[in-house]
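A short write-up of the structure that comes next.
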Amino acid sequence: MNTYHRLPARFCEGNGSKVKDINGKWYVDFTAGIAVNSLGHAHPVLAKAIADQAGKLIHVSNYFQSDTAQAFASELVAACAKVGMVNVFLGNSGAEANEGAVKIARKYSIKKYGPGRHRIATLQGSFHGRTITTLAATGQDRFHVDFGPFTEGFLYLPPNDLGALEKALDGTVCALLMEPIQGESGIRPLDAAFVKAAAELCDRKDVLLMFDEVQSGVGRTGTFLACERFGVKVDVVTLAKGLSGGVPVGAVLAGEKCKDTLGVGDHGSTFGGNPLSAAAGRAVLSIVTKDDFLKEIIRKGDKIKSTIAGWKHSQVKEIRGQGLMIGVDIEADAWPVLETCLSKGLLILSAGPKTLRFLPPYVITDAEIAEGLATLKSVLDGLK
Ligand SMILES: Cc1ncc(COP(=O)(O)O)c(C=O)c1O
């Protein structure tokens, strides 16, 4: 189906942070498949883990057990322990993970408080997925045309507005779902002070605090979870994208409060947590959870931001983000810029009409950063 505005490049191979098209032309990749290829392309540890697992057991029903899936789940929970996660349900995508979060919130509340407290607050400008429920959770009107009726019970609050949150938590709301850095709407980090106050408020009112870390998680911002930097206890975290380095995966993790909310028969997923995606996930975790590796993500992100700031370019209006999740507002429309970048050998995305979005693989080298940025600068220079 014709659901994508596809760009004129056909890729057949990749290596690190470079990809090759069918004509043999190599490109620097500042996109990582929208934050998916966390370890870049053809990473030897990831490729070996996938090949080895494929040679043994790709899939087994969740009615049985798998050491690989169990080990992945344990390692993932350990990686998220800092914010209080204690268990996980494995699925296949970000939207599916968020569906799981919504089910946890709804059931947690109905069991404890009965009906009438099923609403979930999200933020204006958020993006939570493309299923009917996660579209309903998405706080952007443009996603709310043509596909209704949507799942009922979502409300959209202005980001960083504690007063609006206080007013909204009127006894009908069971959860607050937020991206620590809004990705699709332009790489917009939440204020730490707001999150801290929101966490206290949610705790007081027994409203679940849920972070959608589908784009910002798995080391992307230089900590394993972006919400770690807020120093708050979280009830639910969702992950996907970079978690298995390109093999489809999704995860909804729960903290102490709601770890037993979903019981036998409440939820399921045929492919969820299959040994292939679990083996890939274990390979990613074995690298991405290391402190030195995470520090490098911050260093590389800072390098990108400081280089662009140093251009003092008339096209560059604002630079935002953390680690290797960066948004740059420009004067011009972003789409023609990224098309020209593509023709010159650079893959870069937009997030909103005038924002360039940088989500490179974590393994990107300084030389590749320099090459990609030189291409981008030449394109921006051409607009002067
Ligand atoms: C924050 C966030 N949540 C959810 C999703 C949906 O993930 P998926 O496309 O894997 O369903 C995305 C995808 O861009 C996302 O950025």
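The values are calculated or read from the model by the stated rules, or taken from the named source; none is laboratory data. Small disclaimer: the values here were computed from a predicted structure and weren't measured. In this analysis, Cβ positions are derived from the backbone assuming ideal geometry, glycine residues included, and neighbour counts consider all displayed protein chains. All accessible areas refer to the heavy atoms of the entire protein, side chains included, with ligands and DNA or RNA removed. Shrake-Rupley method; radii C 1.70, N 1.55, O 1.52, S 1.80 Å.
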- Residue check, ASP52 against (1) open to solvent by 50 Å² or more (accessible area, probe 1.4 Å); (2) within 28 Å of VAL328 (Cβ to Cβ); (3) touching a residue at least 60 places away in the same chain (Cβ under 8 Å), all met but one. Which one? (2)
- Restricting attention to segment 105-120, the residues that are away from the ligand (no atom under 16 Å from the Cβ) and either in a helix (DSSP H, G or I) or open to solvent by less than 40 Å² (accessible area, probe 1.4 Å) (or both) number exactly 10
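Taking the options LEU225, LEU190, LEU208, LEU177, name whichever one is hydrophobic (A, V, I, L, M, F, W, C) and within 12 Å of the ligand (Cβ to nearest atom).
Criteria check complete, one pass: LEU177.
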- Query: What's the number of the condition GLY14 fails, among (1) out of contact with any His (no Cβ under 6 Å at 6 or more places or on another chain); (2) open to solvent by less than 70 Å² (accessible area, probe 1.4 Å)?
  - Reply: (1)
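Results for (1) in a helix (DSSP H, G or I); (2) of a type in the set (Lys, Arg); (3) touching a helix residue (DSSP H, G or I) at 6+ places or on another chain (Cβ under 9 Å); (4) without any contact (Cβ under 8 Å) to a residue 24 or more places away in the chain, shown as yes or no for each residue.
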{"position": "GLY148", "(1), (2), (3), (4)": "no, no, yes, yes"}
{"position": "LYS167", "(1), (2), (3), (4)": "yes, yes, no, yes"}
{"position": "ASP203", "(1), (2), (3), (4)": "yes, no, no, no"}
{"position": "THR221", "(1), (2), (3), (4)": "no, no, yes, no"}
- Message: If I filter segment 65-103 down to residues being open to solvent by 30 Å² or more (accessible area, probe 1.4 Å) and outside any helix (DSSP H, G or I), which single residue comes out as farthest from the ligand (Cβ to nearest atom)?
- Response: GLN65
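State the number of residues belonging to segment 278-323 that are part of a loop (DSSP other than H, G, I, E, B), within 17 Å of the chain's Cα centre (by Cα) and not polar (S, T, N, Q).
Residues in segment 278-323 being part of a loop (DSSP other than H, G, I, E, B), within 17 Å of the chain's Cα centre (by Cα) and not polar (S, T, N, Q): 1 in total.
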- Message: Can you go through VAL247, VAL214 and tell me which one is within 13 Å of the ligand (Cβ to nearest atom), under 20 Å from ALA351 (Cβ atoms) and modelled with pLDDT of 95 or more?
- Response: VAL214
- Task: Kindly indicate whether PHE194 is in contact with a helix residue (DSSP H, G or I) (Cβ under 7 Å, 6 or more places away or on another chain) and open to solvent by less than 10 Å² (accessible area, probe 1.4 Å).
- Result: no
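Among the residues of segment 121-133, which ones are assigned to a loop (DSSP other than H, G, I, E, B) and open to solvent by 70 Å² or more (accessible area, probe 1.4 Å)?
Selection gives ARG130 alone.
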- Members of segment 234-249 that are surrounded by fewer than 24 Cβ atoms within 10 Å (Cβ to Cβ) and either free of Cβ contacts under 8 Å to residues at least 40 places away in the same chain or part of a strand (DSSP E or B) (or both): VAL247
- With respect to PHE154, determine if the residue is among the hydrophobic types (A, V, I, L, M, F, W, C), more than 30 Å from THR289 (Cβ to Cβ) and out of contact with any helix residue (DSSP H, G or I) (no Cβ under 6 Å at 6 or more places or on another chain). no
- Task: Kindly indicate which of ALA193, ALA175, ALA136, ALA198 is of a type in the set (Gly, Ala, Ser), touching a residue at least 40 places away in the same chain (Cβ under 8 Å) and not in a loop (DSSP other than H, G, I, E, B).
- Result: ALA175
- Task: Given the conditions (1) surrounded by fewer than 18 Cβ atoms within 10 Å (Cβ to Cβ); (2) touching a residue at least 40 places away in the same chain (Cβ under 8 Å), report the number of the one that GLY265 does not fulfil.
- Result: (2)
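Scanning segment 208-223 for residues that are of a type in the set (A, V, I, L, M, F, W, C) and touching an Asp or Glu at 6+ places or on another chain (Cβ under 9 Å), which turns out farthest from LYS257 (Cα to Cα)?
For segment 208-223, the residue satisfying everything is VAL214.
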- Task: Could you check how many residues of segment 5-49 are more than 20 Å from the chain's Cα centre (by Cα) and within 16 Å of the ligand (Cβ to nearest atom)?
- Result: 1
